[in-house]
Every structure is written in structure tokens, then in C-alpha cells.
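Report on one structure; see the data block that follows.
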Amino acid sequence: MGETKKKGYPKGFWVCGTTEIFERLAYYLGRSLILIFVTASVATGGLGLSKSQGATMQSLLTAFAYLGPLLGGVIADRYIGGRYTTPIGMAIVGVGYWCGSIAKSPAMVYVMILCVSIGLGLYKTGALIGRIITDKDQVDSAFSIRYTLVNTGAFIGTFLVGILYKDVFAKNGVLGFAPCFKLAAISMWAGAIWFFVLGNRYMGEVGKKPFKLEKTAEELERERAAQKEASKKEPLTKVEKKRIAAIFLVAGFSVIFWIFWNLAYLPVYYYWTEHMNWVVAGYEVPTTWFDAANSMFCVILGPITAMLWRKLADRPQGDMSLFKKTGVGIGILGVSYLFFAVLDIARGGGKISVVWLLGFAFLLTLGEMFFSPLGHAFISKYSPSRYLSTMMAVWGIATFISSLLYGPIFSATFEGGFKFTSVCIGIAIIAFISAVVLFVLDKRLSKLVEEDEEA
């Protein structure tokens, strides 16, 4: 048993994890750039559109990037293995970013959004990791490590984009938007080749069949015990129905979490730009580096939280339940909003240093590390195989819903005439109530996934 805990992750895990670096580098480079690109003047290489149009386009890119996996999930679950859909999807995303590089009108930007949405719908590295990692005690830590790799790409993309478009690629007064989008496209195509070549070498047969045909040992054992024949039309068991219900329930709390998490970014761009001093050691810090700080902390905290999950799993009483971990994540998010409120009170009528945003970024990221990677791990453990990719997509739909809602909520709260401090405290209270609910209901919710099926 100790040997199982100490063994390394399979090479196939690292193939999927490193592929995330290519994809997230491209995604965050493109996502950070789109808001600036569409609002920059035509003379500087932009589209000259309004800020509201730019915000809408960025919101749609974010939202539909998480909706696409639902349709792609059906394809990977039932028709084509994730090993094949993933590089195809990455190639399509690359085409989308290339369209962004030649965009001269909003129409081509919407083509980019469409291609990115379709391509990411077919991108299934998360679900593949759920089948590569067969030791359940490794699942939580594996997805935390994956999250670190994801954010390595995100950090590179968000950190570089501010330098690349206005310094490195800028020429004769024209900002380097087109080369940046091309770089995102090249990153996706390089990642597709990387995944295809190394996947064939190190991933064996995993992902070559639709997920419904790749059942776990637990599912096969249940079938043998019940002496059932594997069949496409096989109905869901009582345990499987409960587990799917648990996945939807956690996804519901995910909507709350991601609304508040996404909402936290907007005051950075629209409130603290006016009420903070952004010059540090004579250098004006780019606003987009707040995104980079979040990614940097994800990279740092990923291995730390992975070790924490392993230590918790090694305890005599076993690991902390996902529901409690989720509650802790939402609770930390509430603390981050209280931190915002304290900063606003402390500044009085003046400005405080932008360095304080590092504290907020740390709290925001810590909550994220408790919440986001463990949702994928939870689904990998408990989703029926024939619905694995679809259940992964349910997690993405929560992000889709929150991406559509946080803009209007920002307008109704921070922009709705309310005091900044009052809004932050109100959000913190809602977050704390959600955390308490998860802790109080933990035993009942845990029974949904742990209870053995009885006749």
C-alpha cells in the first residue's frame, strides 16, 4: 500500500499534462488580447470598437469555450476516442486563432470564437487523465499537478502578451496583434503534434475507443458480481444515478464559485486602476499581469496542494471529502472579498500600492486550487464510463453559465450605485453561507457517491 502511494504517475499522464501548456498558452494569450484588440483604434491595428463590444466578445469566447465540451463530450463518449478528437480539436482551435490574426472586422472575430469553441469541445485531455490514472489515491494529486501545468501555459501567455503586442511585435505605430494571434495558432498546432506523437508512444490503448467502451475495474467488478452483460443500452444503476446527481450538485456550487471568481477580476480593471498606484520601482505594471499573478500562484500551489491531498488520503480516517474541500475553496474566496473591502477602507481617500493585489491574487488562487482541479478529479472517480466526457462537460457548463452572468451582476452591484466595500462584504457573506451549507450536508452528500449498491 505504501508502494502505491510513492509510485510516480504514468507517462501518459505527463503527455496530457504537458499538452495543456500549449493549449492554455494559446487560450490565455488570445483571451487577454481580444479585449485590447477589438477596442484599439484602426490606425494602431485594432478594430476600433467600443469597450462594451470588446467585453461581449471576450465574454463569448470564455463562455462558449466551456459550452463546446458538452457536444464534444457526446462524441468522445459514444463515437470517437479522445485520443483522436484531441489533436483534431487543437488543429481547429489553431485555425480559429489564425482567423483572429487576419481579422479586419467583427465577423472574423466571431469566426475565431466559433472555431475555438468547436475545437475545445473536442479537446479531452482531462477525461483521458481520468482513465490513465487508475489508482484512486493518486487522482486528486494528479489533477492538482495537471492544474500546475495548465497554469504554466496560462502564466506564459498572460505575462508575454503585454510585452509582445506593444513592444516586440509593434512596428511603425501598429501594435502587434496579428503576430500574437499567429503565435497562439502555432502553439495549438505544435501541441497537436506533440500530443499525437507522444500519445502514440506512451498512452497505450487509452482513449482509442469511445469512453463508454473503456470501463473502470470498479464497473467491471460490479458487472461480474451482478452477472450482467455489457451493453450499449444498459440502464444506469442506482449507485450511478446517485453519483451523477452528486456531480450535478457540485456543479451547481461551481456556478456560485465561478461567478464570484470571474467577478473579482473586474474591479481590478475598472476600480483599482483608479484607486491604486500601478508604478513600482519606476515601471508601470501592465494590468494583464494580474492574470499572470494568478497563474504564477497556481504553478506554485499545485505541487503543494498535491502533497496535501496525498497526506490527507494517507490518514487513518482517510481523505477530506470533496464537499468539504469545495466548502473550503468557496470560503477562501469569501475571505478574498473581505481583503478587497479592507484595502478600500485602509486607503481612505488616497491610493495604495498595486503590490497589495498580490495578496488578493494569492487568496483568489488558493480558493481556486481547492475548488477547480478537484472537480475534475471527483468526476473521474465517480462518473459512469459511458458518460465520463459528458460529465466533465457538465463542470464546464457551470463555467459557461457563470461567464454569461458575472457581467450583468457587475453592472448591478459594483456599477449599480452601491458602495464598493458593501458589495464586497455582501459577496463574502454569500460565499461563507455556501461553505457552511456544504460542511453541514457533507455526510449526506458523501453517501451519494460512497454508498454501496444493495439489492
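Yes/no matrix, rows are residues, columns are (1) surrounded by 21 or more Cβ atoms within 10 Å (Cβ to Cβ); (2) under 26 Å from Arg24 (Cβ atoms); (3) within 19 Å of the chain's Cα centre (by Cα):
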site	(1), (2), (3)
Ala292	yes, yes, yes
Val299	no, yes, yes
Pro303	no, yes, yes
Asp314	no, no, no
Phe323	yes, no, yes
Gly329	yes, yes, yes
Residues Ile129, Ile113, Ile80, Ile75: which one is within 17 Å of Ala393 (Cβ to Cβ), among the β-branched types (Val, Ile, Thr) and within 20 Å of the chain's Cα centre (by Cα)? Ile129
If you check every pair at least six apart or on different chains, which have Cβ atoms under 6 Å apart with a residue in the range 417-431 that is on the phi < 0 side of the Ramachandran plot and in contact (Cβ under 8 Å) with a residue 12 or more places away in the chain first and a residue that is assigned to a helix (DSSP H, G or I) and among the hydrophobic types (A, V, I, L, M, F, W, C) second? Thr421/Ala341; Cys424/Phe340; Cys424/Ala341; Ile425/Ala341; Ile427/Phe260; Ala428/Leu338; Ala431/Ile330; Ala431/Leu333
If you check Ser231 against the conditions, is it modelled with pLDDT under 80, over 20 Å from Ala341 (Cα atoms) and among the polar types (S, T, N, Q)? yes
Of (1) open to solvent by less than 70 Å² (accessible area, probe 1.4 Å); (2) at pLDDT 85 or above; (3) out of contact with any Ser or Thr (no Cβ under 8 Å at 6 or more places or on another chain), Ala393 satisfies every one except (2)
State all residues of the range 41-59 that are in contact with a Leu (Cβ under 9 Å, 6 or more places away or on another chain) and in a helix (DSSP H, G or I); if no residue qualifies, say none. Thr44, Lys51, Gln53, Gly54, Ala55, Met57, Gln58, Ser59
For the list (1) polar (S, T, N, Q); (2) at pLDDT 85 or above; (3) farther than 30 Å from Glu205 by Cβ, I need the number of the one condition that Ser59 fails. (2)
Extreme residue, nearest to Val15 (Cα to Cα), among residues of the range 142-197 that are basic (Lys, Arg) and touching a residue at least 12 places away in the same chain (Cβ under 8 Å): Arg146
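Residue under question is Ser411, and the condition is that it be at pLDDT 80 or above and open to solvent by 10 Å² or more (accessible area, probe 1.4 Å); does it hold? Spell out how you get there, then give the answer.
Numbers: at pLDDT 80 or above: no; open to solvent by 10 Å² or more (accessible area, probe 1.4 Å): yes.
So Ser411 does not fit the description; no.
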If you go through the range 93-105, how many residues are open to solvent by 50 Å² or more (accessible area, probe 1.4 Å) and of a type outside the set (Lys, Arg)? 3
Checking Gly73 against (1) in contact (Cβ under 8 Å) with a residue 60 or more places away in the chain; (2) in a helix (DSSP H, G or I); (3) farther than 30 Å from Phe297 by Cβ, the condition it does not meet: (3)
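The values are calculated or read from the model by the stated rules, or taken from the named source; none is laboratory data. Note that the structure is predicted; figures quoted are calculated from it, not measured. Quick reminder, even Gly has a Cβ in these numbers, built from the backbone with ideal geometry, and neighbours come from all protein chains shown. To get the accessible areas, we keep the full protein, side chains included, count just its heavy atoms, and leave off ligands, DNA and RNA. Shrake-Rupley method; radii C 1.70, N 1.55, O 1.52, S 1.80 Å.
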